[in-house]
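Below is one structure, written out as structure tokens; comments come after it.
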């Protein structure tokens, strides 16, 4: 749900497990393995977004341009909520996924996102407001 692309999500999880295998011996708290892995996945996702932004800027400078409206091919069907979730900014999407899909507390989600609990509350509230507006607009059609 974080990436909105199944293949990318699988790649990020695989990369996280590979990195974790090399660092497992140095893990101080074995109980924190799940939180550590989750944080690695979020970090890898954010790194992916930064790389993609740099690539687009380069392509635009070189004149080959990337179509802004281009949507990557999707093999599965998406329902209305899935589409609306994809339209959210990355941090709002991450906050919603961590809070509701991963069922983390606000404090735990804040730790993963490296922000305050107030910031998580704000991200979740703004994301939910946007989703309500988007889903409501689609329902009226």
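With a Förster radius of 41 Å applied to the C-beta separation of residue 81 and residue 15, the computed FRET efficiency comes to 0.90. Put simply, the C-alpha atoms of segment 77-141 give a gyration tensor, and the ellipsoid matching it has half-axes of 24, 12, 8 Å, longest first. One chain, two ends: residue 114 and residue 48. Fully extended at 0.36 nm per residue, the span grows by 22.0 nm beyond their Cα-Cα distance.
Laboratory data are not the source of any read-out in this text; all were calculated from the coordinates shown. Since the structure is predicted, the reported quantities are computational estimates derived from the model, not experimental observations. Glycine gets a Cβ as well: all are built from the backbone with ideal geometry, and neighbour counts include every protein chain shown.
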